[in-house]
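The values are calculated or read from the model by the stated rules, or taken from the named source; none is laboratory data. What you see is a predicted model; the values in this text were computed from it and never measured. Glycine gets a Cβ as well: all are built from the backbone with ideal geometry, and neighbour counts include every protein chain shown.
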Amino acid sequence: MKVHRAEMVAAAASAARFPKPSAPEVAFLGRSNVGKSSLLNRLVGRRSLARTSGTPGKTRLVHWYRVEGPGRELLLVDLPGYGYAKVSRSERQRWRTLVESYLDGRPTLKGAVLLQDVRRDFSEDETLLIDWLAERDVPVIVALTKSDKLKPMRRAERVRALRRAIGLPAERAIATSAQTGAGIPELWRAIDALL
Ligand code: GTP
Ligand code: MG
């Protein structure tokens, strides 16, 4: 989609502060440092709309970004990353409450983009999340991130293995790079299909 305008419209640390549901929303989910904020920026073609960082656990709030294209509007939602080792039990519980209250109670949620580093295998965190979303009828797209880090042959191998591991068709499990822009048109196509 051609993006005319993109801006952050809300940020919240608890369900009580979530903005009132309006436009259709697509949520970005994944392990801390997997590249959620970077991919979001690349999708909207703004270098630093969402804060990115080499320090895992940077995004602790839910952020809403309004994206406007020709004749339409949607909200991309950057959820805080999970699985960051240096996080206390209570912090982990806080993450769970925040993310579940978002995913469970959002009438305008059209689907989720689950990010997975293409170099790594899915862990239980991802498989549990995928099952959890399926039980709630939230469609999932998997973005296999940082694809620029692998040479083409190895990348193709990894993409095949990861698709097989979760049983998703090619148009729902897409290799992406926030650095080169690879996979961005395919990801937009998959997002558009949710709306
Ligand atoms: P949290 O907010 O902590 O959950 O992290 P995040 O998932 O938002 O990750 P973020 O976008 O901040 O990126 C983490 C690091 O990975 C940064 O150093 C990025 O520059 C790097 N990175 C993200 N995407 C890519 C990519 O496609 N290719 C490469 N080479 N590096 C990337
Ligand atoms: Mg982030």
Residue among Glu91, Glu100 that alone is touching a helix residue (DSSP H, G or I) at 6+ places or on another chain (Cβ under 9 Å) and at pLDDT below 95:
Glu100
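Here are Ala27, Ala50: which of them is within 11 Å of ligand 1 (Cβ to nearest atom) and in contact with a strand residue (DSSP E or B) (Cβ under 9 Å, 6 or more places away or on another chain)? Spell out the reasoning first.
Working: Ala27 fails: within 11 Å of ligand 1 (Cβ to nearest atom).
Answer to the selection: Ala50.
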Is it true that Leu187 is surrounded by 13 or more Cβ atoms within 10 Å (Cβ to Cβ), in contact with a Leu (Cβ under 8 Å, 6 or more places away or on another chain), at pLDDT below 95 and in a helix (DSSP H, G or I)?
no
Looking at the range 53-73, I want the residues that are within 14 Å of Arg31 (Cα to Cα) and have a partner that is of a type in the set (Phe, Trp, Tyr) and modelled with pLDDT under 80 with Cβ atoms under 8 Å, at least 6 apart or on another chain. Which pairs are those?
Pro56/Tyr84; Gly57/Tyr84
Select, from Arg17, Arg46, the only residue that is over 15 Å from the mean Cα position of the chain (by Cα) and either hydroxyl-bearing (Ser, Thr, Tyr) or at pLDDT 90 or above (or both).
Arg17
Filter result (surrounded by 16 or more Cβ atoms within 10 Å (Cβ to Cβ) and in contact with a Ser or Thr (Cβ under 9 Å, 6 or more places away or on another chain)) within the range 95-145:
Leu98, Leu115, Gln116, Asp117, Val118, Ala143, Leu144, Thr145
Pairs needed: first member in the range 7-22, at negative phi; second member anywhere, modelled with pLDDT of 95 or more and assigned to a loop (DSSP other than H, G, I, E, B); C-beta distance under 6 Å; at least 6 residues apart or different chains.
Ala10/Pro19; Ala12/Phe18; Pro21/Pro107; Pro21/Thr108
Mind telling me which of the residues Thr127, Thr180 ends up being touching a helix residue (DSSP H, G or I) at 6+ places or on another chain (Cβ under 6 Å), more than 25 Å from Ala12 (Cβ to Cβ) and outside any strand (DSSP E or B)?
Thr180
Does Leu74 meet the test of being crowded, with 17+ Cβ neighbours inside 10 Å, under 16 Å from the mean Cα position of the chain (by Cα), within 14 Å of ligand 2 (Cβ to nearest atom) and of a type outside the set (Lys, Arg)?
no
Among (1) more than 13 Å from ligand 1 (Cβ to nearest atom); (2) within 30 Å of Glu124 (Cβ to Cβ), which single condition is Ser22 missing?
(2)
Looking at Ser88, is it loosely packed, with under 15 Cβ neighbours inside 10 Å and away from ligand 2 (no atom under 16 Å from the Cβ)?
yes
Candidates Val138, Val99, Val62 - the one that is more than 19 Å from Met8 (Cα to Cα), hydrophobic (A, V, I, L, M, F, W, C) and either within 14 Å of the chain's Cα centre (by Cα) or within 16 Å of ligand 2 (Cβ to nearest atom) (or both)
Val138
